[in-house]
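See structure below.
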Amino acid sequence: MTHYLLRRLLGLLITLLVASLVVYLSVFLSPGSPEQVLFGSRPPSPEVQEQVRQYLGLDDNVVVRYLHWLGNVLTGDLGTSLITQQPVAQRIAGPALVTFSLVLYAGLLIVVFGVGSGLLAALRPGSTDAAVTAVTSVATALPAFVAAGLLISVFSVQLGWFPSYGLGQGTGGRLQSLTLPAVALAIIASGLVARVTRASARQELASEHVQTARMRGIGGARLVRSHVLRNAAPPVVTVLGLQVAGLVAGAVVVEQAFGLGGLGELLISSVQQKDFPVVQAIALVVVAAFALLNLAADLVVMLLDPRARAAAA
Amino acid sequence: MTAPLLEIDELTVDIADVPVLRGVSLTVAASESVGLVGESGSGKSMTLRAVARLLPEQAVAGGHVRVAGTEVLGLRGDALRTHRRGLGMVFQDPRSAVNPVHSVGSFLLERARDSGADLAAARARAVAVLRRMGIADAERRMAQYPFELSGGLLQRVMIASVLMERPRLLLADEPTTALDVTTQADVLALTEELRRESGTALLLVTHDLDLAAAVCDRIVVMYGGRVLESAPAARLVTDPVHPYTRGLLASRPPLTHRLDEIPVVPGTPLSAADTGDGCPFASRCPVALPVCSQSLPETTTQGATQVRCHRAADVLDGSLDVELPLRQEVR
Amino acid sequence: MTAVAATVASTTGTTVAATARRSRLGPAAWVALGFLSIVVLAAVFAPWVAPHDPNAGDLLNAYAPPSGEHWLGTDGTGRDVASRLVYGARTSLLGPAAVVLLALLLGVPLALLSAWRGGTTAFVITRVLDVLFAIPALLLAILAVATFGVGLRSAAIALAVAYLPYVGRLALTAAETERRLPYVQALEVQGHGAVRINVRHVLRNLAPVLVGQGSVAFAYALIDLAALSFLGLAVQAPQADWGVLVSDRDAILKGHPLGVVAAGTLVVLTVLSLFVLGSRIAGEDRR
């Protein structure tokens, strides 16, 4: 088991390495440079420019710079923002918190509504099933940016229940301002998770081992819990992991729409300003979060299914 | 004469308007073992499932199924659960019938846990039954998962799980078909031993006539959703009455000597949906008369034997010899 | 005819017959196909279909309600919403088409190669796809757009690369299954070249799955590109595009959400139609 974990973590590191290289190269290849953004339309004398470039370490060639950066990261130093001169870690901390709160909130919604409705459809065939299936099918086609617009229009402008812009103050205010974004973000994923849950649960309900349990007089809640849910869970957990992991990147759309100040917005502005270190760090964080969430999902599956445990060993 | 433990009376089952059972009647007395024999499509598994109330959702059942006098077909909820607790069912494929995510021990003790019984006692009982079923290191097996056990071992576990509750009636759907021959014999012998000890009746569904003859007191032969013949096992095997039964027995290649040609029953087995109102076997029967495809024969009884055949009388008094066409044996 | 040749003829024969049977789409799929056809036709014939010039604004007529002149009213600068929707269909559909085609053009040959050769080739290709898989599509797109400049072209290329692992893996599993079928070995034994076998036979049998899943990929690409346009990174305002139209915050805040709602509805309906159609095409084949 530890062997498996180590192997996965190693894979994660390699992925991060490659991803960071890809990101580094892409930003490097992009036209323009940070000092151009800094100076704007009134560039100072060439000597001053040269000094700034040296100060910002933009002089060395790309490979050297990459290795330098890599070395720093491994010791915990994410570098300094070229634009604000803040340590990058500090620069991204706040936005990272916003994004992760948003993803967590959306994730909870997905679990409750996605898994919940999928189970409902599976356990109550007939009209309930048909209704739930219709709703979830439409949900899988409702992108976050469309949902955002609709939600703002109805719940902000018309009803005034939620703010349409900015992050509120205090826990209550935060929760309120994150609600519409979380809902918008959660819609497609909820639809997909509901579909998988329904299919998986239905398959289990029809399985012979459920019949064995029924024959032994096991019924009701115990039957559903021990024999349907437990067995139906693995594919649902896997899809959940995949979807929530995808939310980390997908959050950029709602962050922009609702002006939340999360990682996505920061990424876009940093990219436009050629703030390499910040872009690197955000990319790293996003890829790491993506991989870790998928790993977590796989570990949960192993917890539930002894065959998966055996296969991994 | 005491009432039989299981009484099936003109049971019909239709699934989505397709007939599967067209009036099945049979009885199983307490502690008796009955073999339900037939080829695929005969409806034998469906009969078993009707008793267990495990019919598919779109199935509509008619007729009567009584266990210890209680009508089973209309039961719901708690009454149904109580009915099932008096039964035990063993399925053909243990891999799909036993939940793969629970350990063997957890599986065996589930019933006890659900009813709040004494777990320690149940555990001891479980281990004891596993040992009786020929599983030597029973304690170790309790902690293992189904995928770690071979098919034969897992089937023994399933049978153990059923017998340990001491049901009145054991329903077995081809329990050993998926096992190799030596394991089959062993598992059946052990099951028989335990069964006799606890006085459990058995309704065994199989396509293997020899197996039924070896294990059961009585054999019931099904074809096309109906019962064609029912007789004590020894009698049926040596002196079958129904042309179909004769065909089944005659077409088995013998183990003792070589044959150049074996008798065959021409055609392929039909299900209830493919047969009309007359005798389901009429289309393939070597001694069929026009009346056979027109009307369903009545049941002729002679002693402990019951036959549904228009020509039963002729066969019984010896005036008709059922001749089967011969076919070249393929070497 | 040799036994082998007969086997090949019979298996490929049945596949062709199966293709003919596939034209039996359900009613839902026909509705979807109908809707998509309307949208595509409207996009192609936009200059004739749209009642007005999508870029012609009349500030005095901003946020006008629906009328005979402007079926869906006007936006903040007086432009006809309906016309913008019609013209918007062009970029909204062209982009995803390019993404999917590119992803298929790159991914399918890689998948076929990997399935055919196996061994190290397969290992390398699978690892590369895995790494690409680990980088979320939107992130890749944002970075690429930053590198190569904003605009539909760079966004489409970036998305194609991001979708490569998705399409590639799909094609790979299908190709591997196909590779192991007896008729492929029969063809090999007969001496046909690898390229010929793959293109004429394997690819043809893979086609329904690819078309079906390609349809789903198209839907996701539509969403992602519209999202990028929403963010201002692909199609840019004031150009008409569904993503751009949905991003009109001012319209919503000022209580005139019709344009946004209409564009959003078109996106949802198009995506739904693609899902329905795609699953029918791919599902019909998976007997």
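The values are calculated or read from the model by the stated rules, or taken from the named source; none is laboratory data. Remember, it's a predicted structure, so these values are computed and weren't measured experimentally. Please note: Cβ atoms are built from the backbone with ideal geometry, for glycine as well, and neighbour counts cover all protein chains shown.
Miscellaneous remarks
- Residues in the range A:152-171 that are surrounded by fewer than 18 Cβ atoms within 10 Å (Cβ to Cβ) and farther than 25 Å from A:Gly94 by Cβ: A:Val154, A:Phe155, A:Val157, A:Gln158, A:Leu159, A:Gly160, A:Trp161.
- Residues of the range C:229-241 classified as in contact with a Ser or Thr (Cβ under 7 Å, 6 or more places away or on another chain) and either closer than 21 Å to C:Pro65 by Cβ or within 9 Å of chain A (Cβ to nearest Cβ) (or both), total: 1
- Restricting the search to strands (runs of 3 or more DSSP E) fully inside the range B:1-72 and requiring at least 2 residues that are among the acidic types (Asp, Glu) and within 19 Å of the chain's Cα centre (by Cα) gives B:6-15.
- Take the conditions (1) more than 30 Å from C:Gly88 (Cβ to Cβ); (2) more than 14 Å from chain A (Cβ to nearest Cβ); (3) assigned to a helix (DSSP H, G or I); C:His192 misses just one of them, which is (3).
- Among the residues of the range A:261-287, those that are surrounded by 24 or more Cβ atoms within 10 Å (Cβ to Cβ) and more than 7 Å from chain C (Cβ to nearest Cβ) comprise A:Gly262, A:Leu263, A:Gly264, A:Leu266, A:Ser270, A:Asp275, A:Phe276, A:Pro277, A:Val278, A:Val279, A:Ala281, A:Ile282.
- The one condition from (1) at the interface with another protein chain (Cβ under 8 Å from one of its Cβ atoms); (2) surrounded by fewer than 20 Cβ atoms within 10 Å (Cβ to Cβ) that A:Ala221 does not meet is (1).
- Those helices (runs of 4 or more DSSP H) of the range B:211-300 in which at least 3 residues are aliphatic (A, V, I, L, M), considering only elements entirely within it, cover B:233-238, B:243-250.
- The condition of being hydrophobic (A, V, I, L, M, F, W, C), more than 27 Å from A:Leu303 (Cβ to Cβ) and part of a helix (DSSP H, G or I) holds for only one of A:Val248, A:Val210, A:Val183, that being A:Val183.
- The range C:252-270: number of residues that are assigned to a helix (DSSP H, G or I) and more than 9 Å from chain A (Cβ to nearest Cβ): 4
- Subset of the range C:37-81 (residues that are in contact (Cβ under 8 Å) with a residue 60 or more places away in the chain and of a type in the set (Gly, Ala, Ser)): C:Gly73, C:Gly76
- Selection of the range C:219-244 for residues being out of contact with any Phe, Trp or Tyr (no Cβ under 9 Å at 6 or more places or on another chain), hydrophobic (A, V, I, L, M, F, W, C) and surrounded by fewer than 24 Cβ atoms within 10 Å (Cβ to Cβ) yields only C:Ala237.
- The number of residues in the range B:85-133 being more than 8 Å from chain A (Cβ to nearest Cβ), without any contact (Cβ under 8 Å) to a residue 12 or more places away in the chain and surrounded by 16 or more Cβ atoms within 10 Å (Cβ to Cβ) comes to 1.
- Residues that are surrounded by fewer than 20 Cβ atoms within 10 Å (Cβ to Cβ) and either touching a residue at least 40 places away in the same chain (Cβ under 8 Å) or within 9 Å of chain A (Cβ to nearest Cβ) (or both) within the range B:139-153 comprise B:Ala143, B:Gln144, B:Phe147, B:Glu148, B:Leu149, B:Gly151, listed in sequence order.
- Flag: B:Ala136 does not match the condition of being more than 10 Å from chain A (Cβ to nearest Cβ), part of a loop (DSSP other than H, G, I, E, B), within 26 Å of A:Ala221 (Cβ to Cβ) and modelled with pLDDT under 90.
- A:Val253 closer than 27 Å to A:Ile152 by Cα, within 12 Å of chain C (Cβ to nearest Cβ), under 16 Å from the mean Cα position of the chain (by Cα) and assigned to a helix (DSSP H, G or I): yes
- In this structure, C:Ala226 does satisfy being farther than 24 Å from C:Leu59 by Cβ, within 9 Å of chain A (Cβ to nearest Cβ) and among the aliphatic types (A, V, I, L, M).
- Residues of the range A:106-151 satisfying the condition of being more than 14 Å from chain C (Cβ to nearest Cβ), hydroxyl-bearing (Ser, Thr, Tyr) and either buried (at least 24 other Cβ atoms within 10 Å of the Cβ) or within 18 Å of C:Gly264 (Cβ to Cβ) (or both): A:Ser117
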